[in-house]
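Accompanying notes for the structure given below.
The values are calculated or read from the model by the stated rules, or taken from the named source; none is laboratory data. Worth saying up front: this structure is predicted, and the values here are computed from it rather than measured. Using ideal geometry, Cβ is built from the backbone for each residue, glycine included, and neighbour counts are taken over all protein chains shown.
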Amino acid sequence: MLLPPLLLAMATAAAAPPAGLEESSWVLSSLGGQPVKQAPAITLRIAEGQATGSDGCNRYRAPVALAGDAFRIQTEAMVSTNMACPPEVMTRASKYTTALERARTARIEEQRLTLRGEDGSVLATFEAQGRDLSGTTWEVTGVNNGKQGVASVVPGSSLTLSFSSDGGVSGSAGCNRYSGKFTADGEKLTIHALASTRKRCSQPPKVMEQEAQFLRALKGSATARMEGDELELRDSHGALMIGATR
């Protein structure tokens, strides 16, 4: 039996997820009614039927069901990394996972996401994750080495990224300074017109090899995703090219 157009539209609207929740990213601001300000940030991203993010210690991923205000993460299917962190960080991570498990509704109001339990109690609130690279500066923590791996920054060296409001990108490549242009559209990123000074550095060891890998990775970056105080640049195939932190 076909529904009249008006009823069909109402049914479709009722089943739709909260406006702005699909393809959205959030940073935890309160948990169990208490403000959360300590680093590292706890994050939540909703995309393609999956909830992903960081609990402040480990990365997690789980299927999520959305319909109207209904919100349910299938924690029985959740997978996560297994790092050990300080006790207070692990305790907070456990409380966050419990909040996700108990969440039954989600509502967005003025760039704030609120998760509530079955009894209507507020379990967690989140602030929308900023997406604008302009005006941000980052310290690189990892670089794709071109061998299907991401290497930590050579001890004693520093790699930086600064994105200016006029579309410029610049920083230290470990030995030389570099500069170029960037354009961003959502998470899509293009780096172009990249140039650098031409010094040679012998210390620390392998700093010049790292510099070449970094500049190559920067040129090959096609997407940029900010999550809390972390930035990931990936290529068009989804491979991590550069990881950085504020």
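Counting just the residues of the range 31-57 that are at pLDDT 90 or above and surrounded by fewer than 17 Cβ atoms within 10 Å (Cβ to Cβ), which one comes out nearest to ALA103 (Cα to Cα)?
Looking at the filtered set, the residue picked out is GLY32.
Show the residue pairs that are 6+ apart or on different chains and have beta-carbon atoms under 9 Å apart, the first residue being within the range 155-168 and under 17 Å from LEU233 (Cβ atoms) and without any contact (Cβ under 8 Å) to a residue 40 or more places away in the chain, the second being loosely packed, with under 15 Cβ neighbours inside 10 Å and of a type in the set (S, T, N, Q).
THR160/THR137; SER162/THR137; PHE163/SER134; PHE163/THR137; SER164/SER134; GLY167/SER134; GLY167/THR183
Looking at the structure I just gave you, is VAL150 crowded, with 18+ Cβ neighbours inside 10 Å, in the same structural domain as CYS201 (by TED's automatic domain parsing) and among the aliphatic types (A, V, I, L, M)?
No; evaluated as a whole, the condition is false for this residue.
What are the residues in the range 35-91 that are on the phi > 0 side of the Ramachandran plot and within 14 Å of the chain's Cα centre (by Cα), if any?
GLY53, GLY56
Can you name every residue in the range 165-193 that is in contact with a Gly (Cβ under 7 Å, 6 or more places away or on another chain) and either part of a loop (DSSP other than H, G, I, E, B) or surrounded by fewer than 17 Cβ atoms within 10 Å (Cβ to Cβ) (or both)?
Residues satisfying the conditions are SER165, SER179, LYS181, THR183, HIS192, ALA193.
Assuming PRO40 fulfils every condition listed in (1) farther than 15 Å from ALA124 by Cα; (2) part of a strand (DSSP E or B); (3) out of contact with any Pro (no Cβ under 6 Å at 6 or more places or on another chain) apart from one, which condition is it?
Looking at each condition in turn, PRO40 falls short on (2).
Under the condition of being surrounded by fewer than 17 Cβ atoms within 10 Å (Cβ to Cβ) and not aliphatic (A, V, I, L, M), which residue from the range 224-243 is nearest to the chain's Cα centre (by Cα)?
If we take residues in the range 224-243 being surrounded by fewer than 17 Cβ atoms within 10 Å (Cβ to Cβ) and not aliphatic (A, V, I, L, M), then ARG225 is nearest to the chain's Cα centre (by Cα).
Restricting to the range 100-121, name every residue that is surrounded by fewer than 19 Cβ atoms within 10 Å (Cβ to Cβ) and part of a helix (DSSP H, G or I).
Of everything in the range 100-121, those that are surrounded by fewer than 19 Cβ atoms within 10 Å (Cβ to Cβ) and part of a helix (DSSP H, G or I) turn out to be GLU101, ARG102.
Which residue out of SER157, SER162, SER94 is loosely packed, with under 15 Cβ neighbours inside 10 Å, at pLDDT 95 or above and either not in a loop (DSSP other than H, G, I, E, B) or not aliphatic (A, V, I, L, M) (or both)?
SER94
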